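Single-structure report; data block below.
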Amino acid sequence: MSKRVAASLVAGAMVVALSACGSGGGSADGKDSGHKLTVGFSQVGAESGWRTANTKSVQDAAKKAGITLKFSDAQQKQENQIKAIRSFIQQKVDVIAFSPVVESGWDTVLKEAKDAHIPVVLTDRAVDSKDDSLYVSFLGSDFVEEGKRAGDWLVKEYQGRTDPVNIVELQGTTGSAPANDRKSGFTDVIKADAKFKIVASQTGDFTRAKGKEVMQAFLKSQPKIDVLYAHNDDMALGAIQAIEEAGKKPGVDIKIISVDGVKDAFTAMSQGKINVDVECNPLLGDQLMDLVKKVKAGEQVPRRIKTQEGVFTQDQAAAALPTRQY
Ligand code: GZL
């Protein structure tokens with residue numbers, strides 16, 4: 001038997017073994033009749049409209065799927081997520097799913113889950129662990145692509161112009177995958193043209209309040225701001241308040257590029273206050289529950305599942321608003 005075939009048989013067996021050793025005990029194929037799946041879900045927090053929609057999607061999907069969901073809100077603190085994961089291990093849940101608030105510092109607790117034979121699924125955000133065995137699958141957006149889409153819009157918007165374009169950037173939570181990747185995707189695109197300058201960049205922690213506070217500081221410290229790149233809508237909406245209080249017109253005096261695509265941002269876009277919104281789909285619940293069932297049943301699942309999403313410009317906002325689901 002070739003090495004490859006042997007390896008894939010072992011891998012397959014490992015997946016089955018992992019699933020069959022979950023809390024439910026379950027038969028070898030993991031398809032234990034009557035055993036109601038229990039999933040431990042550690043959520044980042046309730047920091048934004050996106051997060052609220054994501055939480056609702058996960059909770060509604062668990063109910064629909066007949067899955068018992070043990071839900072924990074970490075209030076954007078990694079130590080709370082680690083505590084929650086340890087509690088799920090103690091409770092011997094079948095699967096652990098979580099959105100890691102930051103990319104690093106997960107290996108120890110994920111090894112504890114692995115040693116307890118509880119499979120882990122990442123949703124929304126990723127971890128930077130080098131050990132591939134610590135989670136089975138990662139379901140969520142491609143944040144680098146989202147950053148590139150934001151940069152592409154800016155390049156197109158200023159095509160043919162040579163005067164300097166001063167950009168201020170409201171970054172997401174420091175150390176989080178969306179903040180790191182949306183920044184790198186965006187800068188990778190705009191670095192091709194020297195007229196684009198990021199003159200100030202600071203975290204607004206994905207919240208409206210912090211977004212407003214940091215934008216107020218930018219407005220005081222920067223003599224000329226042409227563009228705001230906000231890593232999410234809540235910070236953009238907070239920044240809009242600061243811009244208006246400074247007597248400037250958001251979307252006109254300062255063009256605004258945002259990410260997420262929540263309803264409030266579509267409303268602001270239809271009022272001309274946001275110029276473009278790169279969609280980041282929070283409605284991951286159904287896909288997550290489907291994934292969890294497959295993992296528990298010992299089925300092979302994709303290592304990476306990317307969510308489908310688009311880009312919406314101001315002229316599309318009003319028509320799209322009535323059908324926005326979050
Ligand atoms: C992205 C998600 C981010 C959103 C923010 O998938 O992790 O966190 O862009 C949210 O609105 O707070």
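Observations
- The HN-Hα couplings worked out from phi for the range 91-99 by the Karplus form 6.51 cos²θ - 1.76 cosθ + 1.60 (θ = phi - 60°) are 7, 6, 5, 6, 9, 10, 10, 7, 10 Hz, whole numbers, x standing for Gly and Pro.
- Rg over Rh [alpha-carbon atoms, Kirkwood Rh] for the range 73-157: 1.10
- Remark: relative contact order (the chain) = 19 percent; criterion is Cα-Cα distance under 8 angstrom and separation of 6 or more residues.
- Gain in span if fully extended, Asp73 to Ser201, counting 0.36 nm per residue against the direct Cα distance: 43.3 nm
- Length released on extending from His117 to Thr323, taking residue separation times 0.36 nm less the Cα-Cα span: 70.0 nm
- Label-zone membership for the range 35-67, site Asp290, 7 angstrom Cα→C-beta point, backbone N under 17 Å: 57-67
- Value in Å of the Kirkwood radius, where the range 137-221 supplies the Cα pairs that are averaged: 13.7
- Listed from fewest to most Cβ neighbours within 10 Å, the set Ile190, Ile82 follows the order Ile82, Ile190.
- Rounded, prolate or oblate (a/c below 1.5 giving rounded, otherwise prolate when a/b exceeds b/c) for the range 143-280 by Cα gyration tensor: rounded
- Evaluating 6.51 cos²θ - 1.76 cosθ + 1.60 at θ = phi - 60° for every residue in the range 236-250, the Karplus couplings come out as 5, 5, x, 5, 4, 4, 5, 5, 5, 5, 8, x, 10, 9, x Hz, glycine and proline recorded as x.
- If you take the Cα centroid of the range 144-217 and the Cα centroid of the range 54-87, the two points sit 31 Å apart.
- Residue with peak Gaussian network fluctuation, the chain [Cα springs, cutoff 10 Å], from Ser72, Ser221, Ser57: Ser221
- Residues whose placed amide H lies under 5 Å from that of Thr123, excluding near-sequence neighbours: Phe98, Ser99, Leu139
- Figure legend: label point modelled 7 angstrom from the Cα of Lys36 along Cα→Cβ; residues of the range 255-296 with amide N under 17 Å from it are 293.
- Residues with amide H under 5 Å from that of Phe71, placed H, sequence gap 5 or more: Phe41
- One chain, two ends: Lys130 and Ala194. Fully extended at 0.36 nm per residue, the span grows by 19.5 nm beyond their Cα-Cα distance.
- Phi-based couplings in Hz for the range 201-207 (Karplus 6.51, -1.76, 1.60; Gly and Pro marked x): 8, 8, 6, x, 6, 6, 10
- Rounded to the nearest 20, the size of the Cβ-charge dipole of the chain about its Cα centre is 380 debye, with Lys and Arg at +1 and Asp and Glu at -1.
- Prolate/oblate/rounded call for the chain, Cα gyration tensor, a/c under 1.5 rounded: prolate
- The amide H of Ile274, built 1.01 Å from its N in the peptide plane, has Met269 as neighbours under 5 Å, considering only residues 5 or more places off or on other chains.
- Where a label projected 7 Å from the Cα of Glu145 along Cα→Cβ would reach, residues of the range 185-204 with amide N under 16 Å: 185-186
Readers should treat all values here as calculations from the given coordinates under stated rules, not as data from a laboratory. The structure presented is a predicted model; accordingly, all values stated were derived computationally and were not measured. We place every Cβ from the backbone using ideal geometry, glycine too, and count neighbours over all the protein chains shown.
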